[in-house]
1. Restricted to region 107-117, and to residues that are in a strand (DSSP E or B) and surrounded by fewer than 18 Cβ atoms within 10 Å (Cβ to Cβ), which residue is farthest from the chain's Cα centre (by Cα)?
2. In region 67-76, what residues are surrounded by 19 or more Cβ atoms within 10 Å (Cβ to Cβ) and more than 12 Å from the chain's Cα centre (by Cα)?
3. If I go through region 124-163 residue by residue, how many of them are modelled with pLDDT of 65 or more, within 23 Å of residue 78 (Cβ to Cβ) and not in a loop (DSSP other than H, G, I, E, B)?
4. For region 77-98, what are the residues that are closer than 19 Å to residue 64 by Cβ and under 14 Å from the mean Cα position of the chain (by Cα)?
5. Just wondering, is there one or more residues in region 9-27 that are more than 28 Å from residue 156 (Cα to Cα), modelled with pLDDT under 95, touching a strand residue (DSSP E or B) at 6+ places or on another chain (Cβ under 9 Å) and in a helix (DSSP H, G or I)?
6. For region 45-63, which residues satisfy the criterion of being under 12 Å from the mean Cα position of the chain (by Cα) and buried (at least 17 other Cβ atoms within 10 Å of the Cβ)?
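The values are calculated or read from the model by the stated rules, or taken from the named source; none is laboratory data. In this text, all values refer to a predicted model and were calculated from it rather than measured experimentally. Glycine also receives a Cβ, built like all others from the backbone with ideal geometry; neighbour counts cover every protein chain displayed.
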């Protein structure tokens, strides 16, 4: 009897681990691949970034809203070494979160690199993704129950800021000389 209980317990653990690995593989293949194309913003409207942007601040806000219920948002950052998008944690240590009753999300991140930072924001309907996991991931369709949007946020270094400021002052001086004070 004890052997049967142990075998049954091991079978349950093995089944659960295979399901978890299947979902992780799905996430790697679909959300992490650099080949995955962006979709329309139909589940979540991303309000920042508005497109590809540049900033001088390492701290950056990612935000958006949705009028739909039961939506999860996941944040990814492109890793040049692995050549894929990896889950990326915000300043609260979260790489995914549920959109609450307000319909808004507002998350602060630290941009990891000076230069281009390729950010991917993924949103999906929780109930449909859960159902898809139970059915060997059939039914997950980008543009229908999963949304993918990729942005480049360029972190400019202090030298660029100083050069721009210096250039502005030189143009200002030149205009003052031409037209007088």
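1. In the first step, residues of region 107-117 are kept if they are in a strand (DSSP E or B); the result is 107-110, 115-117.
Next, from what is left, pick out any that are surrounded by fewer than 18 Cβ atoms within 10 Å (Cβ to Cβ): 108, 110, 115-116.
Numbers: 108: 12, 110: 13, 115: 18, 116: 15 Å.
Residue satisfying both the conditions and the ranking: 115.
2. Taking region 67-76 as the starting set, the residues that turn out to be surrounded by 19 or more Cβ atoms within 10 Å (Cβ to Cβ) are 71, 73-76.
Result: 71, single match.
3. Qualifying residue count, region 124-163: 13.
4. Initially, region 77-98 is screened for residues closer than 19 Å to residue 64 by Cβ, giving 77, 85, 87-92, 94-98.
Within region 77-98, 77, 85, 87, 88, 89, 90, 91, 94, 95, 96, 97, 98 meet the criteria.
5. Within region 9-27, the first condition is being more than 28 Å from residue 156 (Cα to Cα), and the residues that meet it are 9-27.
Checking the rest, the ones that are also modelled with pLDDT under 95 come to 9-27.
Among the residues that remain, those that are also touching a strand residue (DSSP E or B) at 6+ places or on another chain (Cβ under 9 Å) are: 27.
Applying the additional criterion that residues be in a helix (DSSP H, G or I) yields 27.
Looking through region 9-27, at least one residue is more than 28 Å from residue 156 (Cα to Cα), modelled with pLDDT under 95, touching a strand residue (DSSP E or B) at 6+ places or on another chain (Cβ under 9 Å) and in a helix (DSSP H, G or I).
6. 46, 49, 62
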